[in-house]
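Asks: This is the structure I want to talk about, given as structure tokens.
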Amino acid sequence: MNLAVTLSCGQCFRFSQDQDGYWNGIAGIKGSEHRLHTRQCDQRALEDDPFWHHYFSFDRDYEAIESDLRGRFEILDKAMDAVGQIRILSQDPWETLGSFILSQNNNIKRIRGMVERLCRGSGFPSAEEIVQCKDFLCTIGLGFRDKYLYCGAASIAQGKLDLKALSTMSTEEARKALMTIYGVGPKVADCTLLYGLGRYEVCPMDVWMKRVMEAWFNGESPSILGPYAGVAQQYLFHYARMIDLK
């Protein structure tokens, strides 16, 4: 696994690398969060730790996934060779949904700042905690996103949306359920499905991926990437940025 790419390719926002090469950060909901301090060469320790083993998807058969992706498209093979193995992180669904609500019309640096101010050095606040501190949301520079985050938290805290129940729904049903939240559109819903619920067939479409599909796949639907389109998306997204695809 290419740890640096996996942690910096836009699927999570709480990790950074220090001058000694260690990746540091926090994952999980406040009260049950886990702190990371690791390097590329220390992956055996991640595999041996139950939380990080699941978080970094060591419980998914990535050899089979990469075998499925290989040979589909020359450009995808080229991206995989250039980037090194990217894993889809198995994040908490609420942390994922909340983070990507904040990601709207935003860049990664600003998203990280917003998430850090919201979390205040701890785990991601639960939906219930956010509902209880509505006034606080207005003080940390979230802009128009504060009301979207509050509405998402309220939907979950009040039982209008059961994130656990999404795992038993079809992908389309789960997408529609997520989009009942005020301010949640297809992009945020699909990021939640892929990064928080493990729906590897889902391919979130942002400006870069729209550019990728137009330039390299004649404007086709990302479904042509196959049952692991979400994994393929990570390679293509990162490779497009590496070469500055116009």
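The values are calculated or read from the model by the stated rules, or taken from the named source; none is laboratory data. Small disclaimer: the values here were computed from a predicted structure and weren't measured. Neighbour counts are summed over all protein chains in view; Cβ atoms, including those assigned to glycine, are modelled from backbone coordinates with ideal geometry.
Asks: Yes or no: the range 224-234 includes at least one residue that is outside the structural domain of ARG120 (by TED's automatic domain parsing), hydroxyl-bearing (Ser, Thr, Tyr), at pLDDT 95 or above and within 25 Å of ARG87 (Cβ to Cβ). Explain how you work it out, then say what you get.
Replies: Initial filter on the range 224-234 (outside the structural domain of ARG120 (by TED's automatic domain parsing)): 224-234.
Those still in the list that are hydroxyl-bearing (Ser, Thr, Tyr) too: 228.
Then drop every residue that is not at pLDDT 95 or above, which leaves 228.
Restricting the remaining residues to those that are within 25 Å of ARG87 (Cβ to Cβ) gives 228.
The answer is yes, given that some residue of the range 224-234 is outside the structural domain of ARG120 (by TED's automatic domain parsing), hydroxyl-bearing (Ser, Thr, Tyr), at pLDDT 95 or above and within 25 Å of ARG87 (Cβ to Cβ).
Asks: Which of the residues belonging to the range 144-168 are without any contact (Cβ under 8 Å) to a residue 40 or more places away in the chain, in a loop (DSSP other than H, G, I, E, B) and surrounded by 15 or more Cβ atoms within 10 Å (Cβ to Cβ)?
Replies: LEU161
Okay, residues lined up against (1) under 17 Å from GLY123 (Cα atoms); (2) basic (Lys, Arg); (3) within 19 Å of the chain's Cα centre (by Cα):
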| position | (1), (2), (3) |
| --- | --- |
| LYS30 | yes, yes, yes |
| GLU33 | yes, no, yes |
| GLU47 | no, no, no |
| HIS54 | no, no, yes |
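Asks: Among LEU197, LEU193, which is the only one that is modelled with pLDDT of 95 or more, within 21 Å of ASN105 (Cα to Cα) and under 14 Å from the mean Cα position of the chain (by Cα)?
Replies: Working: LEU197 fails: within 21 Å of ASN105 (Cα to Cα).
Every option except LEU193 fails the conditions.
Asks: Follow-up question, since we're still on this one. If you take the residues in the range 173-192 that are touching a residue at least 24 places away in the same chain (Cβ under 8 Å) and crowded, with 21+ Cβ neighbours inside 10 Å, which one is farthest from TYR55 (Cα to Cα)?
Replies: Ranking the qualifying residues of the range 173-192, first place goes to ILE181.
Asks: State which residue is nearest to LEU161 (Cα to Cα) when the search covers only the range 113-143 and only residues that are under 20 Å from the mean Cα position of the chain (by Cα) and in a helix (DSSP H, G or I).
Replies: Among residues in the range 113-143 that are under 20 Å from the mean Cα position of the chain (by Cα) and in a helix (DSSP H, G or I), the one nearest to LEU161 (Cα to Cα) is ALA127.
Asks: Turning to a different aspect of this structure: For TYR235, state whether it is part of a helix (DSSP H, G or I), of a type in the set (Phe, Trp, Tyr) and buried (at least 18 other Cβ atoms within 10 Å of the Cβ).
Replies: Details: part of a helix (DSSP H, G or I): yes; of a type in the set (Phe, Trp, Tyr): yes; buried (at least 18 other Cβ atoms within 10 Å of the Cβ): yes.
So TYR235 fits the description; yes.
Asks: While we're here: I'm checking my understanding of the structure. Among residues of the range 201-220 that are under 18 Å from the mean Cα position of the chain (by Cα) and of a type outside the set (A, V, I, L, M), which one is farthest from LYS187 (Cα to Cα)? Talk me through it step by step, then tell me what you get.
Replies: Here is the first cut: in the range 201-220, the ones under 18 Å from the mean Cα position of the chain (by Cα) are 201-210.
Still in the running and of a type outside the set (A, V, I, L, M): 201, 203-204, 206, 208, 210.
On the way: GLU201: 14, CYS203: 9, PRO204: 6, ASP206: 7, TRP208: 13, LYS210: 12 Å.
Filtering the range 201-220 for residues that are under 18 Å from the mean Cα position of the chain (by Cα) and of a type outside the set (A, V, I, L, M), the one farthest from LYS187 (Cα to Cα) comes out as GLU201.
Asks: Separate question: Return the residues of the range 131-143 that are surrounded by 16 or more Cβ atoms within 10 Å (Cβ to Cβ) and of a type in the set (Val, Ile, Thr); say none if nothing qualifies.
Replies: Listed by number, the list holds a single entry, VAL131.
Asks: Given the structure, is GLU201 closer than 22 Å to SER90 by Cα, of a type in the set (Asp, Glu) and surrounded by fewer than 21 Cβ atoms within 10 Å (Cβ to Cβ)?
Replies: Values: closer than 22 Å to SER90 by Cα: yes; of a type in the set (Asp, Glu): yes; surrounded by fewer than 21 Cβ atoms within 10 Å (Cβ to Cβ): yes.
Taking the combined requirement at face value, the residue satisfies it.
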